Structures are given as C-alpha cells and as structure tokens.
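The values are calculated or read from the model by the stated rules, or taken from the named source; none is laboratory data. Since the structure is predicted, the reported quantities are computational estimates derived from the model, not experimental observations. Heads up, the Cβs are rebuilt from the backbone with ideal geometry, glycines too, and the neighbour counts pull from every protein chain shown. Side chains are part of the model used for accessible areas, which takes the heavy atoms of the whole protein and leaves out ligands, DNA and RNA. Shrake-Rupley method; radii C 1.70, N 1.55, O 1.52, S 1.80 Å.
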Amino acid sequence: MLKEACKVEHPGDEEIKILLAQEREKLAANQMKIKEANLPVMVMFEGWGASGKGSIIGKVIQNIDPRFFDVATMDAEPSEEEKRKPFLWRYFKEIPKAGKFKLMDTCWMEEVTDGILEGNLDEETYRKRINSINTAERSLTDNGYLVMKFFLHISKKEQKKRLEKLEENESTAWRVNPDDKWENKHYDKCLDVYEKYIEDTNRPSAPWYIIDAKDRKFAELSVLQLLNLGIDTALKNNSLAVPILQNSFPMRKTIKLGDISLDDKKISDEEYKVKLKVLQTRLRELHNEIYNAKIPVIIAYEGWDAAGKGGNIKRITQALDPRGYIVHPIASPEPAEKARHYLWRFWNRLPKTGHIAIFDRTWYGRVMVERLEGFCSENDWQRAYNEMNEFEKELTDWGAVVIKFWVQIDNKTQLERFTDRQNTPEKQWKITDEDWRNREKWDLYEQAINEMIAKTNTTFAPWYVLESVDKKYARIKALEIVIEELEKALKEKKSK
C-alpha cells in the first residue's frame, strides 16, 4: 500500500483553507453526535519519523472539547512492568470510553515493526502478534468502536530534509533521535517492513488510510475528511448487528449439567482433613515454582448462587503466598467499566508473570446474567462466545495457565442453603432478593450455562465442573486440578 500510494492532486491553497474550515467545523459538530450516540472513537497515528504525527494530533484536538478526548503516546519499547503482561495489555487498557475520542501517537504497530527491524521478533511471533492485533481491532469494531488508522507517508528525501531542519534549531533539535536517523538511513528496509505490516493488518472493519504528509495543511485536511467520513458512517451503522463468527478453536467434549452425578461425590471428614493438608502443602511449593518460572495463572470461578465458590477459593488461597495472588470479586460493572468493551475490566485485572489472579465470577457474565437480564443484545452475547475464546487464547499464548471452574449443585441443595442463610442471622448478608429472583429462572440459567460450556470448552482453556453438594469434595477436587495444571505448565516450560 505504501509503495503504491498514489500522489493525490492537491487543491490550491485558497481551496484548502476553505475546506479545512468546513471539516474543522464538521468535526466539532460530530463530537457532540458521538457523545449523544455513545460512540467510542479510537484513532491511531503511525508514520515516518518527522512526518508530523504530533502536529496532526494537535490540529485535530483543537476542534474537540478537551473534556471528550484523551491523547496517549505509546513507547515502542514496553517497560519492565509491561513486559510482565500480555502483548495487548498496555494498549487495550487505553481504549476510550463510549462517547469519547482516544488519539494514539503510535499504537501496536511500532512495537511490532521495531521488533522486526531490530531482529527481536521471529516470524512465528510476528504472526501471533498480527493475529492478536487483527482480533483486537475486529472485536473493538464489533462491539461498537470506530477504529481509524492513519499512516503519515513522506519520501526519504523529504524526511531527511525535515530532520536536518529540526537539528539546525536548538529549540527543536531534541525532537530528532537516533532512531529517526537510522530509519532515514535504512529507509528502503523500513519501507518493506511497514508495507508488510500495513498489508497484514488492513481489514474492512479497520482499514488503513495512507496520508500524503509532504504538505502539512493537505495532510491535516485529508485526516479531517476521512475522520469525519468515518464518524458519519459509524453513526449510521451504530445500530446494525454484526456477523457471528464460526468457532475455529479445538473443543473438548462436554456433558450437560443435568447429566452430572452429584450424590456420589462425597468425602469423609477424616479423608478431607488429610487430603487438604497434603494438597495445600504441595500447592504452596508450586506457587514458589511458578513465581520463579514467571508463569502467570488465572483461575476463574463461575457457579450457582450458594454453590460454595467462596469456601473453595479460600482453601486455595490458604496455600498461597499473599504477596503473589489477588482475588477479584466481580460485581456489576462500574460506570467507567460499563462505558468500555466488556472485556476491558478483565484485561485490567490480569496478573503479572509469576502471579495468580483468581476471579470470583468472570467475563462469562456476558452470556449468563447479561443475556438473561437483557443487559446486552442477542447479537452481543452470541458474538461473545468466540470473543471469550479469543481472549483466553491470547492469555494461553502469552504463557498463562487458565483454569475455569463451574461449581455445580442441584436445585434442591440451593433451596436448602438459601433457607439456611435466610434463617441464620450471621449468614443473612449472604442472601439477597436478587438471589431469590435468579432462582426463579433456574431452568433458563441452566440452558444458558450448558450452551456456554459447550461453546467455550476449548482444549487450551477447558471447563472443570466441581460437584459441590458436598463442599469438601469440591474443594479437594479444585486443589487437585490446580496442582495438576501447574505441574503440567512447569514441565512444559522446563522442556522448552
């Protein structure tokens, strides 16, 4: 695309002046429209050193109320803290709220292309990064985001002229860094890498726009025209459903909850005490090992109300170093979370390498509570199965161990536990009117849960059912599964 970029005929200076005034005014009006429509707009600016990314961003934001935009400047080299998180983490946490702009002075492109140019990224890792980026951009647009991507293009000669001019002036010389000079010296090599990246990430839902940036005013006009056109189109399409993608991940065979035997899943008090001590001791040892091996662990709990998730989590955390884990109790999203992609709040809670994050309820609320209570559209929750599989694949490709538990009881057991909570003063805080309302929808929830497990029971992040009519049995089973998965991950890491 870069090599074949056509030189667009420029209007005259006077016409550019008139058109710029029109587009600036239109963007100011569009800002109010995106606010009213709750349309989040994410604009990525990439380009050659000295091509004018900062100047263009400065021109664009002059037309927007400062309360409704943010600018993020991303370093090509992630910090040491960022290196302990998945590749997408530092970018995904920057996505805008509904009704606001986020302008990115470089995004994920620079980290990937620099990795290629510096020889730090092999072909397999490059392909994984490209897949991650395309998946993230598609997921954003599917969930109502407008994603605009601009590459500011100048020739080698023009870049050299600009760099020399900047260096001549003491007040601007600091803007020229060794990377800019290296890029100009190796322009053709960089051009090949940029061209390949742009072709690999040019998708209908998030296409690239190549901007002829030799003339600064014409570049500003081009960006404003395309940005306004993108906003107009997104506003018209805001209510349209998007296609449901077919699952492409390997799945494990599942059985329905109603077919799972519960009565025979019991353990004596004596056996429980012995096994609990042995298993917690082993888990404590493994926690040290995964810390040293820098393996991140994500344990996700879902289950019926009163099934025993809290007690199950407690028996696991009792064996862990408190400095190396965190439990996230997930409730209804806060306003800032509700205003973003539904996975944003989970991206923000991911552990560092070597640490454990335990989720008491998870992203699967999208296909249970949100589905049944009408908090999202049918198109939203139907798409979510694949989006959550993609999210978990991103985590396991990063090297994380993902363990998903469904804590299972029957209808009768839940009623007994609800009644006990209602009638015991010190337990009454555990029972709410919402619990009783949800209980009335038991059959609907069971149908949704069966579908959820069937569509997200992947080989890389499978579901494990914990039969919890006997809570002690479920606790022992959870500990055994966690230990088994951690031992497997450590063995795999040592073999590499």
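What is the distance in Å between the Cα centres of the stretch 230-246 and the stretch 4-41?
One Cα centre to the other: 21 Å.
Give the cross-link partners of Lys59 among the aspartates and glutamates, using a straight C-alpha distance below 17 Å as the criterion and excluding same-chain residues fewer than 8 apart.
Partners found: Glu23, Glu25, Glu46, Asp70, Asp105, Asp212, Asp215, Glu220.
For the stretch 92-180, what number of Lys pairs, 8 or more residues apart or on separate chains, have alpha-carbon atoms under 23 Å from each other?
9
Express the accessible area of the chain per residue in Å², computed with a 1.4 Å probe while the remaining protein chains stay in the model.
49 Å²
With a cut-off of 8 Å between alpha carbons and a minimum separation of six or more residues, what is the relative contact order of the chain in percent?
It rounds to 18 percent for the chain.
Can you give me the pair-distance distribution of the stretch 298-339, C-alpha pairs, 5 Å bins, whole percents?
Reading upward from the zero bin: 5, 16, 25, 21, 15, 14, 4, 0.
If I compute Cα extents along the principal axes in Å from the structure I just sent, which labelled value in (i) 74, 57, 47; (ii) 86, 49, 38; (iii) 104, 55, 53 lines up?
(ii)
Grab the eigenvalues of the alpha-carbon gyration tensor for the stretch 238-394, scale each by 5, take roots, and send me the semi-axes largest first in whole angstrom.
Computed over the stretch 238-394, the values are 32, 21, 16 Å.
Report, by chain and number, residues whose modeled amide H sits under 5 Å from the one on Tyr325, excluding near sequence neighbours (fewer than 5 apart, same chain).
Ile356
Could you list, in their original order, any pairs among Lys412/Lys491; Lys53/Lys236; Lys185/Lys294; Lys33/Lys181 whose Cα atoms are separated by more than 32 Å?
Cα-Cα > 32 Å for Lys412/Lys491; Lys185/Lys294; Lys33/Lys181; rest within.
Kindly state, as a whole number, the per residue volume in cubic angstrom of the convex hull around the alpha carbon atoms of the stretch 247-336.
Value for the stretch 247-336: 212 Å³ per residue.
Kindly state, as a whole number, the per residue volume in cubic angstrom of the convex hull around the alpha carbon atoms of the stretch 364-479.
Convex hull volume per residue, Cα atoms: 129 Å³.
Give the lysines whose C-alpha is closer than 19 Å to that of Lys455, dropping any in the same chain fewer than 8 places away, or say none.
Lys253, Lys256, Lys393, Lys404
Please report the antiparallel percentage of DSSP beta bridges with both residues in the chain, rounded to the nearest 5.
Around 5 percent of the beta bridges assigned by DSSP in the chain are antiparallel ones.
Under 1.5 on a/c is rounded, so check that first for the stretch 50-180, then, if it is not, pick prolate when a/b is larger than b/c and oblate when it is not; a ≥ b ≥ c are the square roots of the alpha carbon gyration tensor eigenvalues.
Because a/c hits 1.5 or more and a/b fails to exceed b/c, the stretch 50-180 counts as oblate.
For the stretch 137-281, compute Rh as the Kirkwood radius over C-alpha pairs and then the Stokes-Einstein diffusion coefficient at 20 °C and 1.002 mPa s; write the answer in µm²/s, rounded to an integer.
Estimated diffusion coefficient is 99 µm²/s.
Got a number for carbon plus sulfur as a percent of the chain's accessible area, 1.4 Å probe?
That fraction is 49 percent.
Local charge sum around Pro296 (other residues, Cβ-Cβ under 9 Å, Lys/Arg +1, Asp/Glu -1)?
Spelling it out: positives minus negatives among the neighbours equals +4.
Separation of the stretch 255-312 and the stretch 116-137 by C-alpha centroid, Å?
36 Å
Helix 123-142 versus the longest principal axis of the chain: what is the Cα-based angle in degrees, 0 to 90, to the nearest 10?
Orientation of helix 123-142: about 90 degrees from the principal axis.
Plugging the Kirkwood radius over Cα pairs into Stokes-Einstein for the stretch 309-408, at a temperature of 37 °C and a viscosity of 0.692 mPa s, what D comes out in µm²/s?
Translational D for this selection: 221 µm²/s.
Would you mind putting 209-219, 194-204 in packing order, based on average other-beta-carbon counts within 10 Å, highest first?
Output ranking for 209-219, 194-204: 209-219, 194-204.
Taking the highest mean first, how do the peptides 170-180, 146-156 order by number of other beta carbon atoms within 10 angstrom per residue?
Highest-to-lowest ranking by the protection proxy: 146-156, 170-180.
What order do Glu168, Glu387, Glu124 take when sorted by accessible area (1.4 Å probe), most exposed first?
Descending accessible area places them as Glu168, Glu124, Glu387.
Please report how far the C-alpha centroid of the stretch 336-354 lies from that of the stretch 149-199, rounded to the nearest whole angstrom.
Cα centroid of the stretch 336-354 versus Cα centroid of the stretch 149-199: 35 Å apart.
How about the stretch 9-44: which GluC sites (Glu not before Pro) there are in a DSSP loop, with at most 16 other Cβ atoms within 10 Å of their Cβ?
Within the stretch 9-44, the qualifying GluC sites (Glu not before Pro) (loop, at most 16 other Cβ atoms within 10 Å) are Glu9.
So how tilted is helix 411-423 from the main axis of the chain? Cα-based, degrees 0 to 90, rounded to 10.
With both axes taken from Cα atoms, the answer is about 90 degrees.
Find the relative contact order for the stretch 356-462 and round it to a whole percent, using C-alpha pairs within less than 8 Å whose residues are 6+ positions apart.
Relative contact order of the stretch 356-462: 36 percent.
Quick one: angle between helix 442-456 and the longest Cα principal axis of the chain, in degrees between 0 and 90, rounded to 10, please.
That works out to roughly 60 degrees.
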